[in-house]
Amino acid sequence: MAKIFLSFKSAIDDLTPEDYLQLTIGLSNEGFIGDSKVRLIEGSERFHFNNIIIHAASLKDALIAEKFGIRFFGEKLEATGRGFDVAEDKDGKNVLDWNNFLCTKSPSDLPAEATNFLKYN
């Protein structure tokens, strides 16, 4: 599953519940298939990066989400990112953990289409 990460300059000031609702409505209107979440973790760390994580059903949907998110939030964004939920067999269980994948493998271990997506063509 492809992912898009949206990070705000000031999540406290620039990401309201109404903004998030309008983002999801806009994504739906664009034909996007997937889901999203606001990253909620303890402490102030939650305000510094990956404030919204969008899970896309396809690479095409991920690009729709990225383009719309950038257009919708504009200058409020500090950064965007791309990634995947990568399935790995660990101790007989399927694990979906992009950060673990990045620490133990290389994006070049992914199929060419996925690697190209990560290169921001």
What is the sum of charges around Phe73, taking Lys and Arg as +1, Asp and Glu as -1, for the other residues whose C-beta is under 14 Å from the C-beta of Phe73?
-> -3
Quick one: with all protein chains in place, what share of the accessible area of the range 1-41 is carbon or sulfur, to the nearest percent (1.4 Å probe)?
-> 55 percent
Point-to-point label distance, Asn116-Cys103, nm (Cα→Cβ direction, 7 Å offset) | 3.2 nm
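All other residues with a Cβ under 12 Å from the Cβ of Ser10 taken together, and with Lys, Arg as +1 and Asp, Glu as -1, what is their net charge?
Neighbour charge sum, excluding Ser10 itself: -2.
The values are calculated or read from the model by the stated rules, or taken from the named source; none is laboratory data. Since the model is a prediction, treat every value here as computed from it, not as a measurement. Note that we place each Cβ from the backbone using ideal geometry, even for glycine, and neighbour counts take in every protein chain shown. Keep in mind that these areas ignore ligands, DNA and RNA; they rest on the heavy atoms of the full protein, side chains included. Shrake-Rupley method; radii C 1.70, N 1.55, O 1.52, S 1.80 Å.
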